[in-house]
Amino acid sequence: MTVIIGMDPHKRSATIEVIDQRAHVLATGTYGTDKTGYAQML
């Protein structure tokens, strides 16, 4: 399966979405840019 991961970074947060080849959203999340947000994103 091919997926595309898109990221919209900002100063205090990053929003990430994963979509498949048919543009269906598979996962999404908004994370802080601190150590806690980074750990949550992983």
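The values are calculated or read from the model by the stated rules, or taken from the named source; none is laboratory data. Please read these numbers as outputs of a predicted model, since none were measured by experiment. All Cβ positions, even for glycine, are placed from backbone atoms using ideal geometry, and neighbour counts span all protein chains on display. Please note that ligands, DNA and RNA were not included when accessible areas were found on the heavy atoms of the full protein model with its side chains. Shrake-Rupley method; radii C 1.70, N 1.55, O 1.52, S 1.80 Å.
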Only one of these conditions is not met by Pro9: (1) within 10 Å of the chain's Cα centre (by Cα); (2) open to solvent by 90 Å² or more (accessible area, probe 1.4 Å). Which number is it?
-> (2)
The one condition in (1) more than 11 Å from the chain's Cα centre (by Cα); (2) open to solvent by 90 Å² or more (accessible area, probe 1.4 Å) that Ile4 fails to fulfil = (1)
Note down all Cβ pairs under 6 Å where the first residue falls in the range 22-39 and is among the aromatic types (Phe, Trp, Tyr), the second is open to solvent by less than 90 Å² (accessible area, probe 1.4 Å), and they're at least six residues apart or on different chains.
-> Tyr31/Ala14; Tyr31/Gly37; Tyr31/Met41
Can you tell me which residues in the range 12-25 are within 21 Å of Gly37 (Cα to Cα) and open to solvent by 90 Å² or more (accessible area, probe 1.4 Å)?
-> Arg12
